[in-house]
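The values are calculated or read from the model by the stated rules, or taken from the named source; none is laboratory data. Please read these numbers as outputs of a predicted model, since none were measured by experiment. For neighbour counting, all protein chains shown are included, and Cβ atoms are generated from backbone atoms with ideal geometry for every residue, glycine included.
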Amino acid sequence: MMRAAILALLFAFFAQASLAQTHPDALTDPALETRAVELQKELRCLVCQGQSLDESSAPLAADLRRFIRVRIAAGQSNDQIKQELVARYGDVILMQPPLDPGTYLLWFGPFLVLFLCGSVFAVVVARARKNSRRQD
């Protein structure tokens, strides 16, 4: 009898612990939880770079998800939370950084590299054609 009671208590304890690990920081209000998840999708994981906070399994992302939920529970708006995170980590934390002089290279850098590579390719092809005409 005592053994069954102890086993039942242990089972209940481990079941509670496993449930707590699944969603340890979930907000009780479904609307606030949905808001937190949507905000997490707008913010970049600083460790993974290519993933949002919502997708990332990095420890820093988990800390930032907790931070977001604490701030939402405290009544802060999404913009206030974003401003605080941008002040701490810079525009790199935003999945879509603003278009301003500080982020021009981020927005237009790939096009600049593509243009430069295309220009080098065009010059190399033009010189090769010129050299092949001389040999003929």
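Mind checking which residues of the range 81-109 are in a helix (DSSP H, G or I), surrounded by 12 or more Cβ atoms within 10 Å (Cβ to Cβ) and without any contact (Cβ under 8 Å) to a residue 24 or more places away in the chain? Even if it seems obvious, please write down each step before you answer.
At the first step, the residues of the range 81-109 found to be in a helix (DSSP H, G or I) are 81-89, 91-93, 101-109.
So of that shortlist, the ones also surrounded by 12 or more Cβ atoms within 10 Å (Cβ to Cβ) come out as 81-86, 89, 91-93, 103, 106-108.
Residues satisfying the conditions are Gln83, Glu84, Val86, Asp91, Thr103, Leu106, Trp107, Phe108.
Would you tally the residues in the range 63-80 being in a helix (DSSP H, G or I), surrounded by fewer than 15 Cβ atoms within 10 Å (Cβ to Cβ) and either in contact with a Gly (Cβ under 7 Å, 6 or more places away or on another chain) or of a type outside the set (S, T, N, Q) (or both)? Let's see the steps before the verdict.
Looking only at the range 63-80, we keep the residues that are in a helix (DSSP H, G or I), and these are 63-73, 78-80.
Right, trim to surrounded by fewer than 15 Cβ atoms within 10 Å (Cβ to Cβ) and you get 63, 66, 70, 73, 79-80.
Checking the rest, the ones that are also either in contact with a Gly (Cβ under 7 Å, 6 or more places away or on another chain) or of a type outside the set (S, T, N, Q) (or both) come to 63, 66, 70, 73, 79.
The number of residues fulfilling the criteria is 5.
Would you point out which residue out of Leu60, Leu85 is under 28 Å from Thr28 (Cβ atoms), touching a strand residue (DSSP E or B) at 6+ places or on another chain (Cβ under 7 Å) and of a type in the set (A, V, I, L, M, F, W, C)?
One residue alone meets the criteria, Leu85.
Entry remark, the range 47-59: residues being in contact with a Leu (Cβ under 6 Å, 6 or more places away or on another chain) and surrounded by fewer than 20 Cβ atoms within 10 Å (Cβ to Cβ) number 1 in total. Residues in the range 30-46 that are surrounded by 12 or more Cβ atoms within 10 Å (Cβ to Cβ) and over 13 Å from the mean Cα position of the chain (by Cα): Leu32, Glu33, Arg35, Ala36. Kindly check whether there is at least one residue in the range 111-124 that is in a helix (DSSP H, G or I), under 17 Å from the mean Cα position of the chain (by Cα) and either loosely packed, with under 14 Cβ neighbours inside 10 Å or modelled with pLDDT under 90 (or both). For the range 111-124, residues in a helix (DSSP H, G or I), under 17 Å from the mean Cα position of the chain (by Cα) and either loosely packed, with under 14 Cβ neighbours inside 10 Å or modelled with pLDDT under 90 (or both): absent.
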